[in-house]
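The values are calculated or read from the model by the stated rules, or taken from the named source; none is laboratory data. All values derive from a computational prediction rather than experimental measurement. Cβ placement follows ideal geometry from the backbone for every residue including glycine, while neighbour counts extend to all protein chains displayed.
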Amino acid sequence: MKKTLRKSAAKSPAKVRTPARRLVVKKAAAPEMTPDEVIHLENISKRYEESEKAWLRMTAAPEGDETWTQVEEHLLTHAAQDQDRRWKFFSK
């Protein structure tokens, strides 16, 4: 059996890499805000700030009253002690 030699295709000259094209989106300048819009946004900001302060006052514990903290700690420790019992009960 004879092996035939193939002639390689004529080599093309080295290709010059062209830089990749990137899509460039030009950002339009942001439209200027009118004075009415600025006032409106400031009012919204003040309302949110007042609302946040009111929420903090409503949810804060009264001064010197640790009742809720004690109840929460009691529930957490009570739940931690019973957890092993629960697993024993449900695993049977």
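Of note:
- Yes/no for THR77 being at pLDDT below 85, part of a helix (DSSP H, G or I) and polar (S, T, N, Q): yes
- Output for segment 45-54, where each listed residue is within 24 Å of the chain's Cα centre (by Cα) and of a type outside the set (Asp, Glu): SER45, TYR48, SER51
- Members of segment 19-38 that are surrounded by 10 or more Cβ atoms within 10 Å (Cβ to Cβ) and assigned to a helix (DSSP H, G or I): GLU37, VAL38
- Among the conditions (1) at pLDDT 85 or above; (2) surrounded by 10 or more Cβ atoms within 10 Å (Cβ to Cβ), the only one that MET58 does not satisfy is (2).
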